[in-house]
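Here the structure is laid out as structure tokens; the discussion comes afterwards.
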Amino acid sequence: MTGLTRRQFGGVVGVAGVAGSGLFLGGFPGILRTGNGALVRSTATLPAAYTLPFRVPPVAAGTMHADGSLRYDVEQRTTDIEILPGLRTRMLTYAGSFPGVTLTSRSGRPTVVTVRNSLTVPTATHLHGGHTPADSDGYPTDLVLPPGMPGPPLVPGMPTDPAARVSSGRRDHTYPMRQRAATLWYHDHSMGATARTVWHGLAGFHLVHDDEEEALGLPSGERDLPVMICDRAFAEDGSLLYPPVLAEHNDMPMVPEGYRDGVLGDVTLVNGVPWPVLEAPAVRHRLRILNAANARTYWLALSPPPAGGGGFVQVGSDGGLLETPNARDVLHIAPVERVDVVVDLGRYQPGDVVDVVNELDTGTMRAVMRFRVGQRAADPSRVPDRLAIIERLDPAKAVARRSFQFRKSRSHGQWTINGGAFDPARVDAGTALGALEVWSFTSDVAHPVHLHLDPFQVVARGAPGRLAPTDLGWKDTVALRPSETVELAVRFTDYAGRYVFHCHNLEHEDMAMMANLVTS
Ligand code: C2O
Ligand code: CU
Ligand code: CU
């Protein structure tokens, strides 16, 4: 089997564009319509919604090492996967599946993940939400080359990086896991190519567990479900469609003009399955929802809602448990936010059909997944009124303030932070470990902004103390709406080195909306 060549990888045909409109609706509460982008239309025959069974990604078996660490060995390889019935989709995978194998870790116990690159493209593996030493964080130029590929590779239009730590064939990533239980995920972060590699499959869950969370009695085992939602588009032969990436400004690889706001697909995948259906007993289930789309925002609702409403009981966000559960009718989820919810199917009748829908869309793209409610069953789970204690970061005690403008450059199509395109050699934020800072972000259009190394707390949207529902708890990504200023309190700890922060709309990220955070 040959891998995707670089040419195939970029040279996609049959793309029909529909310009995305700025769909933002102003006002509160909770308006986070950030899904700007343009749609790629599938030419493949698509299955009807709610016909394919829901499944959970395979869970990797780790091994305990004599030094007390948990070890995983993950091979990145090109794999043909049946996503659409009867067709094979050639994907870039972690260990042969999409989503990649689920890794699990224990808070306080180091995990070492060896990633071996058997693809034809360089990769950099990042643990999103990980509190990780810099040399294991998957910095965009810290590439792992396929064996035999001469390196370091040049990314056209991107400055070369003398500090890059390039390796051949494999790399060990050490995660000390000095962090609380949370729904993390891992994905490719290679410079200038992340939107394509993730679109083609390089994403998987990494769940961190701890005693505090396990003591609560939340739904567990088969009733604790990772739910990765993303959109993709497929050609007639089953291959993934992605707009052609052309060298443009300064030879920088860019998608065509119409797609620079973000690439959207017309197939919703939940754990890699188009619009699946899950038969589940009429009991509480925990859904660890991750929006893994390149650019699409979801407003998820239950249809029909349970009598009395509040069908989604949010218990966690990006960085783990909230202080208290929060009953919600709609979950606004920008790219890469995680929303951990408990849904009690016991509020429905056996035989009921309950859909999870995206209120931001109509037609097939309104559909996400379906529950077919089964029999009543014993349910030992509970959702306690107090979930966790969260230390408040007090913005009044900040020792430094920084502000960053997230804007499209007027002169050419690049996305910029404070007017600059990403440059590995420039320090955009040099911070002292342990110092409390307030960072303020201002947007033109919507941008989901993500910080590496440590989670933060949103402290203001426009006005101090004014937050959206998805701002609660420890966050690693904040959804900036158009023309908005958001402030967050952050304190970087433990690890000195060079990290990035960036817009996590992956097309924006690749087209240079990324900056350096250097801690010392
Ligand atoms: Cu999800 Cu910079 O990463
Ligand atoms: Cu990250
Ligand atoms: Cu952006």
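Where a number appears in this text, it was derived from the coordinates with a stated rule and is not lab data. This one's a predicted model, so the numbers in the text were calculated from it and none came from an experiment. Note: ideal-geometry Cβ built from the backbone for every residue, glycine included; neighbour counts use all protein chains shown.
Points worth noting:
- Residues whose amide H comes within less than 5 Å of that of Val255, counting only those at least five positions distant or on another chain, are Leu246 (H built at 1.01 Å from N in the peptide plane).
- The calculated FRET efficiency for the pair Glu222 and Ala425, based on their C-beta separation and a Förster distance of 56 Å, comes to about 0.70.
- Within the chain, helix-based [θ] at 222 nm, where runs of 4 or more DSSP H residues each add -39,500 (n - 2.57), nearest 500: -500 deg cm²/dmol
- Per the Debye calculation on segment 195-327 with a single equal scatterer at every Cα and no solvent contribution, log₁₀ I(q)/I(0) for q = 0.10, 0.12, 0.13, 0.19 Å⁻¹ amounts to -0.46, -0.64, -0.72, -1.21.
- Every Cα-Cα pair in segment 387-431 was counted, and those over 14 Å apart are 65% of them.
- Mean shadow area of segment 145-217 over all directions, Cα convex hull, nm²: 7.1 nm²
- Cα Rg, Dmax (largest Cα-Cα span) when computed across segment 52-164, Å: 16.3, 48
- Computed log10 I(q)/I(0) for segment 362-406 at 0.17, 0.22, 0.25 Å⁻¹: -0.84, -0.96, -1.05, from the Debye equation with unit scatterers placed on every C-alpha and solvent omitted.
- Three-way shape label, segment 332-422, alpha-carbon gyration tensor, a/c 1.5: oblate
- Convex hull volume per residue for segment 273-370, taking Cα atoms only, in Å³: 100 Å³
- Under 5 Å from the amide H of Phe371 lie the amide H atoms of Leu278, Val354, Asp355, Val356, each residue being 5 or more positions distant or on a separate chain, with H modelled from the backbone and absent for Pro and chain starts.
- Full extension of the segment from Gln349 to Asp494, taken as 0.36 nm per residue of separation minus the current Cα-Cα distance, would add 47.2 nm.
- Seen through its C-alpha gyration tensor, with square-root eigenvalues sorted a ≥ b ≥ c, segment 438-520 comes out oblate because a/c lies at 1.5 or above while a/b is not bigger than b/c.
- Global geometry of the chain, whether rounded, prolate or oblate, following the gyration tensor of its Cα atoms and the 1.5 cut on a/c: rounded
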